[in-house]
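Report on the following structure.
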Amino acid sequence: MSKTKLHLWSIVIVFIILILCVFTMTTLPELWFKNHLNENWNISEKTKSKKQQNRLCLIIALDGVPYEIIKELYAEGYFKGFYPPGRLVSTFPSLTRPAFSKMLIGGKPFGFGRLHFNSQLNRMEGFRLSQKLFSTKKEHKDYNPKLHFLGFPGYIAYVFPDKFTQTALSTFHKRLLAFTGDTFIAYIGLSDPIAHVEGKEALIEFLKKISIMLDTIRNDLGILLDVVLFSDHANNLITNQRVKLGSVLEKHGYNDVEMLVKAKDFVLPRNGFVSFASLYTNSNNAQPIAEILSTIQGIDLAIFKSGDSIMVRGPNGFARISKKNKRYRYTPIDGDPLKLKNIIDDLKHSGEIDNQGFIQDNIWWEATKNHVYPDPLRRIWESMNDLVQHPGTILVSFMNGYAFGPPIFSQTILGSRAGTHGALLGAHSNGVYMTDFMKVAAFNRPDTLVEILAKSKDAKRKGKKLFPFMQ
Ligand SMILES: [Zn+2]
């Protein structure tokens, strides 16, 4: 064979390989997702008798959608028929597992993310990304949402978020039309990868599709539809720089390990690329490590337990949080890391502080719900005490524009990403809450969702209307 012919053949082969690659990257994930959507479809729902209901309550849980975006779309005329949206302040950390557990599912997940450290068994637990890359189930041993629709194509969605939109939305539409019960709870996870990977414009386009789909569903169903729409947390929708934690601590003589043996060992699970990290170590290391963390660019707060109190260390100072019954006290030791001094002065003037310095939980809520750190004392207290089974020794909240995760996010392609969440900040925490049958408050705590679902169940049990306050 001549040299030119050989050259021609190699070009053809390279071309064929390229076409195959493009096909694999673009078409296969969607084909695979179409085939696997049925895994999440409850069999009993498929075979239920076709009893015709005249009213359906649809609860849509949208992962990672900020209040601000829905507010903008609402002002433009989307989400017609809804009352104006309110903020739903997430848990701290503003991450899916603790937030959904608090808002909808109940129970305590093992940890804040897919990986956590079990100090009793002295080992890292959870699952590796590769294990769940193609799993369409959002069910784990500790976290088992009984949802009618998931539409979450596994972690592969974080590689090709757009690929799955049409398949997910049309399947959701079909299933809702076929549904014969009276409360349909839908978890739509795709909004989170879209916000993380593609950013604001893509998220807006996705939400417009949801709004249009809701209009169509109202027409197609031909029965009364009551819709509750909420999200578990926000997303800052800006590019974020990866902060190096492990290597900085190693420079200070600490050891980044998977099992605690020596006095200066620490375990640092690398979950997704989020503005939160949880570090596990001997409690004696908590304060010295928090001191080091507070000097790292991008770290906003390092939080750890000390006796009955929780300490907060950041570049702006050091403070103690205490709790007595349903009252919280914030004691600045140096500076004002949570920026609460002015609020405390105001509350002092209005006589809300008791002689030990404690202030009632609901007074704190009213005074801080619109703060740069919304509802900080209760959220920080819960994060350490009753949100998950293995919270960690030091919880780290990042400044806006900074995040932590596996080292792969230091690369230029993945590193900048389009947005993240996890921090205590309002920009990461303020999700949305709206309904089309009742006005909602401008600011809401996660309990709001639990209460509304309890009311609905109670009404159902008594044979009353699903929501007694419905029009
Ligand atoms: Zn989420």
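All of the numbers you see were taken from the coordinates with simple rules; none came from a lab. Predicted model, so just to flag it, every value in this text is computed and none were measured. Ideal geometry is used to build each Cβ from the backbone, glycine not excepted, and the neighbour counts take in all protein chains shown.
Tabulated results
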{"quantity": "For the stretch 268-369: Kirkwood Rh in Å [reciprocal of mean 1/r, alpha carbons]", "calculated": "15.0"}
{"quantity": "Neighbour-count ranking [beta-carbon atoms within 10 angstrom, fewest first] of Ser170, Ser397, Ser309, Ser211", "calculated": "Ser170, Ser309, Ser211, Ser397"}
{"quantity": "Positive minus negative residues near Ile194 (Lys, Arg vs Asp, Glu; Cβ under 9 Å)", "calculated": "-4"}
{"quantity": "His390, His371, His428 arranged by Cβ crowding within 10 Å, fewest neighbours leading", "calculated": "His371, His390, His428"}
{"quantity": "Cβ-derived FRET efficiency at R0 25 Å, Glu250 paired with Gln120, nearest 0.05", "calculated": "0.45"}
{"quantity": "Gyration tensor (Cα) of the stretch 241-415, equivalent ellipsoid semi-axes in angstrom", "calculated": "31, 18, 14"}
{"quantity": "Total charge dipole magnitude, the stretch 241-415, about the Cα centre, Cβ charges on Lys, Arg, Asp, Glu only, Debye to nearest 20", "calculated": "120"}
{"quantity": "Along each principal axis, Cα extent of the stretch 419-462, largest first, Å", "calculated": "44, 18, 16"}
{"quantity": "Estimated FRET transfer efficiency (Glu451, Ile343; beta-carbon r; R0 22 Å; 0.05)", "calculated": "0.25"}
{"quantity": "Of Lys71/Lys200; Lys80/Lys174; Lys80/Lys457; Lys108/Lys324; Lys80/Lys455, pairs whose Cα-Cα distance is over 19 Å", "calculated": "Lys80/Lys174; Lys80/Lys457; Lys108/Lys324; Lys80/Lys455"}
{"quantity": "Gyration tensor over alpha-carbon atoms, the stretch 252-318, equivalent ellipsoid semi-axes in Å", "calculated": "19, 16, 12"}
{"quantity": "DSSP-assigned coil residues among trypsin sites (Lys or Arg not before Pro) in the stretch 351-451, each with at most 13 further Cβ atoms within 10 Å", "calculated": "Lys439"}
{"quantity": "The stretch 95-119 and the stretch 357-378: distance between their alpha carbon centers, rounded to Å", "calculated": "23"}
{"quantity": "Residue order, fewest to most surrounding Cβ atoms within 10 angstrom, among Thr96, Thr368", "calculated": "Thr368, Thr96"}
{"quantity": "Potential extension, Asp308-Val12 segment - 0.36 nm per residue separation minus Cα distance", "calculated": "99.5 nm"}
{"quantity": "Label-point separation in nm, Asp182 to Lys439, each point 7 Å along Cα→Cβ", "calculated": "2.7"}
{"quantity": "Relative contact order of the stretch 241-415, defined on C-alpha pairs under 8 angstrom at six or more residues apart (%)", "calculated": "30"}
